[in-house]
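Asks: Take a look at this one; I'll ask things after.
Every number in this text was worked out from the coordinates using simple rules, so none of it is lab data. Fair warning: this is a prediction, and the values are worked out from it, not measured in the lab. Positions of Cβ are backbone-derived with ideal geometry, glycine not excepted, and every protein chain shown enters the neighbour counts.
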Amino acid sequence: MISFQVPQAIQQANLSAVRLIVSDLDGTLTASDRLSAALIEAFEQLAAAEIRVLISTGRSVGWGMALAQYLPVAGVMTENGGAICWPEQAPIILSPIAAIADHRQQLQQCFQQIQQHWPQLQAAADNAFRQTDWAFDVTGLTEADLTQIAAIAMGQGLDFVYSAVQCHLLPRGQSKGRSLWQVCQSTFPALQPEQIVTVGDSPNDASLFAEFPLSVGVANLVPYLHRLPQPPRYLCQQPEVAGFLELVEVLLRDRA
């Protein structure tokens, strides 16, 4: 078990300097797998307070293009840091992949090797719309299973992450945190680390917690805390989008 400091309650945070929220999607902005009117209202309140929102998700580029177009957010980083989608623009691949077709063949072959050990696993329906990663079932996998799958991926020159929703095979070194630094340098160069708050709910958000000083977990992250190299600095009392709305309340409180 990894030792860690217990996160502080989000109500104790001073977030008055924050100008950008970078949030996971599933399990963080959703409730029972749905987006709510309360979330859209919160996005609008944040915009009025001049706080931008960037979604960082394990969902595909295809999902990201739609979300960036229809939600009142700055953009959507997809595939656990693999690409960024801005409104009205073509996706930008963030990972240095020389040949997408060859890379996707490598991902599929690795998944087929994993299936030899866990034949019940099914590939995600949206893999056809992915560029940098390969997604598949997480349901029913134990911690020991996940550790073995990570070892298989590493043996094939790939990385592996998982969330409460899916497992992902990735190019070596690709992560939400690393790609967020890249996006900030190119698109938000004036922002300092203390002006960015990251929020998530699963192990695939670990790099967001580790690489940014202001990090927040919603309450459904608690079962995964012992699996994280570094926990978030703050923890919400409520799960899913209710926890995100707690964070929004603190952000707006600090501007009152």
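Asks: For the Cα atoms of the chain, what angle does the longest principal axis make with the long axis of helix 240-253, in degrees from 0 to 90, nearest 10?
Replies: Helix 240-253 and the main axis of the chain meet at about 30 degrees.
Asks: Where does each of 67-78, 210-221, 115-126 land if you order them by average Cβ count within 10 Å, highest first?
Replies: Packing order, densest peptide first, comes out as 210-221, 67-78, 115-126.
Asks: Give the relative contact order (percent, whole number) for the range 100-171; include only Cα pairs under 8 Å separated by 6+ residues. Let's see the in-between values first.
Replies: Values: 86 pairs, mean separation 22.9, N = 72.
This gives 32 percent for the range 100-171.
Asks: Glu41 to Ala151: extension gain in nm, 0.36 nm per residue of separation minus the Cα-Cα distance?
Replies: Working: separation 110, 0.36 × 110 = 39.60 nm, distance 4.28 nm.
Once the chain is fully extended between Glu41 and Ala151, it gains 35.3 nm.
Asks: How high is the relative contact order of the chain? Use alpha-carbon pairs under 8 Å, at least six apart in sequence, and give a whole percent. Mind showing how you got there, number by number?
Replies: Values: 495 pairs, mean separation 64.5, N = 256.
Computed value for the chain: 25 percent relative contact order.
Asks: Treat the count of other C-beta atoms within 10 Å as a stand-in for reagent exposure and order Ser175, Ser56, Ser32, Ser207 from fewest to most.
Replies: On the way: Ser175 22, Ser56 30, Ser32 7, Ser207 25.
Result, fewest neighbours first: Ser32, Ser175, Ser207, Ser56.
Asks: Pop the C-beta distance of Glu88 and Asn14 into the FRET formula with R0 = 45 Å and round what comes out to the nearest 0.05.
Replies: Working: r = 36 Å, r/R0 = 0.79.
Using R0 = 45 Å, I get an efficiency of 0.80.
Asks: Let me ask something additional. Taking each pair of different alpha-carbon atoms in the chain once, compute 1/r for the pair, average those values, and report the inverse of that mean as the Kirkwood hydrodynamic radius in Å to one decimal.
Replies: Values: mean 1/r = 0.0545 Å⁻¹.
Kirkwood hydrodynamic radius for the chain: 18.4 Å.
Asks: In addition: For q values of 0.11, 0.14, 0.19 Å⁻¹, compute log₁₀ I(q)/I(0) with the Debye formula on a Cα-only model of the range 100-171, without solvent.
Replies: -0.22, -0.36, -0.68
Asks: Projected onto the charge dipole of the range 1-115 (+1 at Lys/Arg Cβ, -1 at Asp/Glu Cβ, origin at the Cα centre), which of Thr30, Gln8, Ala42 gives the Cα projection farthest towards the positive end?
Replies: Gln8
Asks: All other residues with a Cβ under 9 Å from the Cβ of Leu208 taken together, and with Lys, Arg as +1 and Asp, Glu as -1, what is their net charge?
Replies: Values: positive: Lys176; negative: Asp24, Asp205, Glu211.
Summing Lys/Arg as +1 and Asp/Glu as -1 gives -2.
Asks: Ser186 versus Ala66, label points 7 Å from Cα toward the beta carbon: distance in nm?
Replies: For the pair Ser186/Ala66, the computed spacing is 2.5 nm.
Asks: Label-point separation (nm) for Ala98 and Trp118, each offset 7 Å from Cα along Cα-to-Cβ?
Replies: About 3.1 nm, to one decimal.
Asks: Let me ask something else about it. Could you work out which residue, out of Leu15, Leu225, Leu141, moves most in a Gaussian network model of the chain, that is, has the largest mean-square fluctuation with Cα springs under 10 Å?
Replies: Highest fluctuation of the listed residues: Leu141.
Asks: Please find the FRET efficiency linking Glu50 to Asp126, where r is the Cβ-Cβ separation and R0 is fixed at 30 Å, and quote it to the nearest 0.05.
Replies: On the way: r = 34 Å, r/R0 = 1.12.
About 0.35, to the nearest 0.05.
Asks: Taking other Cβ within 10 Å of each residue's Cβ, how do His103, His226 sort, fewest first? Before the final figure, lay out each step's value.
Replies: Values: His103 18, His226 12.
Ordered by Cβ neighbours within 10 Å, fewest first: His226, His103.
Asks: Okay, moving on. Could you state the angle between the C-alpha long axis of helix 176-187 and the longest principal axis of the C-alpha atoms of the chain, as a value from 0 to 90 degrees rounded to the nearest 10?
Replies: The helix 176-187 is inclined about 60 degrees to the chain.
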